[in-house]
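Working notes, structure below.
The values are calculated or read from the model by the stated rules, or taken from the named source; none is laboratory data. These figures come from a predicted structure and were not determined experimentally. Here the Cβ is made from the backbone with ideal geometry for all residues, glycine too, and neighbour counts use every protein chain on show.
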Amino acid sequence: MKSPTLSRPSVRGNRSWQSVAWEYAQAILIALFLALIIRTFVVQAFKIPSGSMIQTLLIGDHILVNKFAYGVRNPLTRELWVDGGAPGRGDVIVFVYPLDKEKDFIKRVVGTGGDTIEIIDKKVYVNGEMFPDPVGVQYTDPRILPASISPRDNMGPLTVPEGSLFVMGDNRDQSYDSRFWGVVPVKEIKGKAFVIYWSWNSDDFRPRFGRIGHLIR
């Protein structure tokens, strides 16, 4: 009895290099298209270049941002296509810096439309009640600056316009945020930061493995 053998599909001649190249080109174009769709509407990666969000986020953290956390917008006009809900106090968001559309900032939402914000001796009050500092908030300067010198430690009261947000960095004494340049239009939000996928310490040229997979709160 003969041993069974595996059959192979027949090959109808040798394909030309043009057809092989076209197949590879199609695969690459499809992959690029899908990557663009994902980056525009689903998730986008960002690197933290400054210390305004220390200790929550460190310089060299690489994060992922949920692009549809607050809905889906036209990437060109920022018109809302699908409503996904409004940002809430305490959310860490990435947005287009209002004074320079070429820059993206990351801060924490402190006040939403209609809220009244007041800062007294570094303490933040929202609608007359103290806003509890999230775990990552830090203060590095023991001085209390009067409002006549800087809005950093004393400002307001200020009412946030509807459709806007008041944001602050967690490194409160070293953050350039809504205290200095005003509110963020909701339409300029790019998404909600949710996880650190990589972190690199440039001071000693080593990865921070303990921060990988850390959820951003």
Test: residue in segment 117-126 that is surrounded by fewer than 16 Cβ atoms within 10 Å (Cβ to Cβ), more than 12 Å from the chain's Cα centre (by Cα), modelled with pLDDT under 95 and not acidic (Asp, Glu)
no
Regarding residue 136, is this residue on the phi > 0 side of the Ramachandran plot and out of contact with any strand residue (DSSP E or B) (no Cβ under 7 Å at 6 or more places or on another chain)?
no
Long-range neighbours under 6 Å by Cβ, at least six apart or interchain, first residue on the phi > 0 side of the Ramachandran plot within segment 183-196, second not β-branched (Val, Ile, Thr):
191/66; 191/67; 191/69
Is one or more of the residues making up segment 157-171 assigned to a strand (DSSP E or B), of a type in the set (Phe, Trp, Tyr) and in contact (Cβ under 8 Å) with a residue 12 or more places away in the chain?
yes
Name every residue in segment 161-170 that is more than 13 Å from residue 88 (Cα to Cα) and buried (at least 22 other Cβ atoms within 10 Å of the Cβ), in order of residue number.
168, 169, 170
Please go through segment 44-86 and give me each residue that is assigned to a strand (DSSP E or B) and without any contact (Cβ under 8 Å) to a residue 60 or more places away in the chain, ordered by number.
47, 71, 72, 81, 82, 83
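Does at least one position in segment 176-185 carry a residue that is of a type in the set (Lys, Arg), assigned to a strand (DSSP E or B) and surrounded by 16 or more Cβ atoms within 10 Å (Cβ to Cβ)? Please lay out each step first, then the result.
Here is the first cut: in segment 176-185, the ones of a type in the set (Lys, Arg) are 179.
Narrowing the set further to residues that are assigned to a strand (DSSP E or B) leaves none.
Taking every residue of segment 176-185 in turn, none turns out to be of a type in the set (Lys, Arg), assigned to a strand (DSSP E or B) and surrounded by 16 or more Cβ atoms within 10 Å (Cβ to Cβ).
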Of all residues being assigned to a strand (DSSP E or B) and touching a helix residue (DSSP H, G or I) at 6+ places or on another chain (Cβ under 8 Å) in segment 118-151, which is nearest to residue 43 (Cα to Cα)? Just the residue, please.
138
Those residues of segment 71-107 which are of a type outside the set (A, V, I, L, M, F, W, C), surrounded by 18 or more Cβ atoms within 10 Å (Cβ to Cβ) and at pLDDT 95 or above, in sequence order
87, 91, 107
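Please enumerate the residues belonging to segment 1-52 that are aromatic (Phe, Trp, Tyr) and either in contact with a Lys or Arg (Cβ under 8 Å, 6 or more places away or on another chain) or at pLDDT 85 or above (or both). Give the steps one after another, and end with the answer.
Step one: of segment 1-52, the residues aromatic (Phe, Trp, Tyr) are 17, 22, 24, 33, 41, 46.
Across segment 1-52, the qualifying residues are 41, 46.
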